[in-house]
Structure formats: C-alpha cells, structure tokens
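Data first, discussion second: the structure below is written as structure tokens.
Each value in this text was obtained by applying a stated rule to the coordinates, not by laboratory testing. These numbers were taken from a predicted model, which means no experiment stands behind them. Note: ideal-geometry Cβ built from the backbone for every residue, glycine included; neighbour counts use all protein chains shown.
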Amino acid sequence: MWWKTNPSFFTEEQERLAINYPSLDCLIENNTVYMRGKLQIANIAAFDIEIKLPDDYPNSLPEVKELGGKIPISGERHINYDGTCCLTVPVKMHQALGKDYSITDFIEKFVMPFFANQVYYEIHGVWANGDYSHGDLGILECYKDILKLSNLQQITELMKIALQIFPKTTKTCPCRSGKKLRDCHLPELINLKATIPTNLLKKNYKTFMSYIR
Ligand SMILES: [Zn+2]
Ligand SMILES: [Zn+2]
C-alpha cells in the first residue's frame, strides 16, 4: 500500500490535489486511494470522474473512469470495456511522466487533455490532434514512434534486447542496417529501458509475439 509505506508523499499528493483541483476529493476505500469529483473543462463542460491509484502507485499508473455516462463505452471513444478511460498508450504516459511524477502532472498531461478531446470529438466527430488506434494496434504504433522502426519483427527483437539486464550492444542491430547496435539504435534502446517499467515492456513484448507466431 503505497500511501501507508510513503505517508509524506501521500500528504503531498493530497495537498497538491486540494490546491490545483479543489473539486476533486481524495478518499480511501478498502485500502485504495480514490480521487472523485467534477473535472471542469474550461467553461464548456464538466465530467464526474474517478481516479483510482494502484497499490504500487506511482510505479503503475492511475486508472480513470467517467462516472456520469456522458461518454459511450466504445473503442472509438477510447473507453475500455471495464469503463476505464484509455487516456493514451501507457508506454507513452510513462515516457512523458518519468518516474517521479505527481498526481497533478498526471491530471494535467493526460486526464484534462483526454476529456478536452472528448468535448472536441462530441462537437466535430473527429479527434483534435489525431490519436493512436485503440488497443494493441495503438500500442504498436507507439513503439514504432519510440523505436523509430516500422517492422514488427524488428521491434520485438529490440524489445527482447531491452529486457536483458545487460544488453549486448556489440551485436548487429535488429533493424538490419548492418551496423552494430551500439552504433545504431542504442539511444532508442536506452530510452526504452530507462522509461518503461519492465513488467509493462514484458507484457507488450508477449502481446506482439502472439501476433508473430
Ligand atoms: Zn484507446
Ligand atoms: Zn538499428
């Protein structure tokens, strides 16, 4: 329970929430921390939302739900079947937030834009600034961007290397450039290892491999 093991961080998070998002309340239910209340999008819309902080917060990311039934549950709208919001691809969020983020960073960077985009979509029927596809395809699109590779096979090869504790960088790069990894996709490899939690990397790797086999 992160809030028990790190009570000062929990206090700081509560203070930050109270200052920046006073319409969201922080409460504990069954040992889980929730933040619930209204999220105001400029003067045009408000959503009743719930943010659930995982037991290993901030290692794992919070989950967000819209409680008012204003957004249909569908992949098109980036709402998962369990009602959680698909804010964006988790890998992307880890990349943008780094390891020492606060709840206000998370809300500012991902929750506010998500709901602002929903308002935009409601009006225009399209997303404001494009988006990754919903589901596994979106995850792959994100890895393509991060690794600067387009081939699924090559992406999984680089991910496999990233999953090693001490990656061998003197071997040929998976991108088939003919160069050694250390002279080629090393920055992308380091980026991946530094920003994506290993369990998430492993999970995504397994998903991609299931498409190859
Ligand atoms: Zn989605
Ligand atoms: Zn390469």
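Taking the stretch 136-212, how much of its Cα-Cα pair set, in percent, is spaced more than 17 angstrom apart? The proportion of pairs with Cα distances above 17 Å equals 36 percent. In this rough spin-label picture, where each label sits 7 Å from Cα along the Cβ direction, the Thr169-Asp25 distance is 5.1 nm. Subtracting the Cα-Cα distance of Lys144 and Lys38 from their residue separation scaled by 0.36 nm leaves 34.6 nm. Full extension of the segment from Leu137 to Thr198, taken as 0.36 nm per residue of separation minus the current Cα-Cα distance, would add 19.9 nm. With K and R counted +1 and D and E -1, the other residues having a Cβ less than 12 Å from that of Asn117 yield a net charge of -1. Under a GNM of the chain (C-alpha, springs under 10 Å), which listed residue has the highest mean-square fluctuation: Val89, Val111, Val126? Among Val89, Val111, Val126, the largest GNM mean-square fluctuation belongs to Val126.
In order along the stretch 10-26, phi translates into HN-Hα couplings of 4, 4, 4, 4, 5, 5, 4, 5, 4, 6, 8, 9, x, 7, 9, 9, 9 Hz, rounded to whole numbers, per the Karplus curve 6.51 cos²θ - 1.76 cosθ + 1.60 with θ = phi - 60° and x for Gly and Pro.
Magnitude of the charge dipole for the chain, about its Cα centre and with charges confined to Cβ atoms of Lys, Arg (+1) and Asp, Glu (-1), is about 1320 debye.
Seen from Lys99, the other residues with C-beta closer than 13 Å to its C-beta sum to a net charge of -2, counting Lys and Arg as +1 and Asp and Glu as -1. With a cut-off of 14 Å between beta carbons, the residues surrounding Phe10 carry a summed charge of -3, where Lys and Arg count +1 and Asp and Glu -1.
Roughly how many debye, to the nearest 20, is the charge dipole of the stretch 14-56 about its Cα centre, given +1 on each Lys and Arg Cβ, -1 on each Asp and Glu Cβ, and no other charges?
Numbers: 4 positive and 7 negative charges, 43 e Å.
Value, rounded to 20: 200 debye.
Each Lys and Arg adds +1 at its Cβ and each Asp and Glu adds -1 at its Cβ; summed about the Cα centre, the stretch 2-124 shows a dipole of about 200 debye. For the chain, a Kirkwood hydrodynamic radius built from all Cα pairs, placed in the Stokes-Einstein relation at 4 °C and 1.567 mPa s, yields a translational diffusion coefficient of 68 µm²/s. Taking the charge dipole of the stretch 2-124 about its Cα centre, with +1 at Lys and Arg Cβ atoms and -1 at Asp and Glu Cβ atoms, the residue from Cys86, Ile28, His124 reaching farthest to the positive side is His124.
Taken along its three principal axes, the alpha carbon spread of the stretch 2-124 comes to 45, 29, 26 Å, from the longest extent down to the shortest. Among the chymotrypsin sites (Phe, Trp or Tyr not before Pro) in the stretch 66-172, those located in a DSSP loop and surrounded by at most 10 other Cβ atoms within 10 Å of their own Cβ are Tyr81. Greater than 32 Å separation of Cα atoms is the criterion. Which listed pairs, Lys38/Lys193; Lys168/Lys203; Lys65/Lys168, meet it? Over 32 Å Cα-Cα: Lys38/Lys193; Lys65/Lys168.
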